[in-house]
Amino acid sequence: MPEPNPAPERRDGEPRHRRPAPLLFEPPDAAADPEHFFDLESIEDPRELLGRATELALAFRAAADRAMEFQALAAAQLADPRRFDRLPDEAIAERAEWTADYARKMIEFGRELMRDRTPE
C-alpha cells in the first residue's frame, strides 16, 4: 500500500487537515465481543489485514486530530473576553480534564484556527 499523500498546506505553510475516512460502525452484538474489532479478526490474508488495519489507524488518527481542533475552537470560544459568560482557563481545563497550561495552549491554538477561518 503506498504512503498516504500529505495534507495540502494552508497559506501559512502549515498542513491543512483532511476529513477523516468514514469509519464503519459495528453492530451492537459485535461491539460487545472484546475480540471483535471492525471485523479485523476475520481477515486471514496478512496483506489484506495490514491494509485494512492501516486504513483504520489513519482514519482514527485523522478523527482524533479533527476532534482536537474542535476542542481548541470550543476552548477559545469559551475563553473569549467578549463573552459575558467567559470561563477562566482553569475552568476550561477542569471541564476538558487538562492541565491549566495545556488549556492555555489549546485556547491559543483555537484562536489561531479561528483567525485562519476568518475571511480576509
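For ALA63, the stated conditions hold: it is in contact (Cβ under 8 Å) with a residue 40 or more places away in the chain and surrounded by 13 or more Cβ atoms within 10 Å (Cβ to Cβ). Condition test on ARG18, is it modelled with pLDDT under 90 and surrounded by 13 or more Cβ atoms within 10 Å (Cβ to Cβ)? Yes: the conditions hold for ARG18. None of PRO88, PRO6 is open to solvent by 60 Å² or more (accessible area, probe 1.4 Å) and at pLDDT 90 or above except PRO88. If you go through the stretch 70-97 and keep only what is of a type in the set (A, V, I, L, M, F, W, C) and either farther than 19 Å from MET114 by Cα or in a loop (DSSP other than H, G, I, E, B) (or both), you end up with ALA79, PHE84, LEU87, ALA91, ALA93, ALA96.
Selection within the stretch 98-110: residues that are out of contact with any Leu (no Cβ under 6 Å at 6 or more places or on another chain) and either of a type in the set (Gly, Ala, Ser) or at pLDDT below 95 (or both). The member of this set that is surrounded by the fewest Cβ atoms within 10 Å (Cβ to Cβ) is ALA100.
Where residues in the stretch 27-43 are under 17 Å from ALA53 (Cβ atoms) and of a type in the set (Asp, Glu), which of them is modelled with the highest pLDDT? Of everything passing the filter in the stretch 27-43, GLU41 is modelled with the highest pLDDT.
The values are calculated or read from the model by the stated rules, or taken from the named source; none is laboratory data. None of these values were measured; they are calculated from a predicted model. Every residue, glycine as well, gets a Cβ built from its backbone with ideal geometry; the counts of neighbours run over all protein chains shown. Remember, those area values only see protein heavy atoms, side chains included, never the ligands or the DNA or RNA. Shrake-Rupley method; radii C 1.70, N 1.55, O 1.52, S 1.80 Å.
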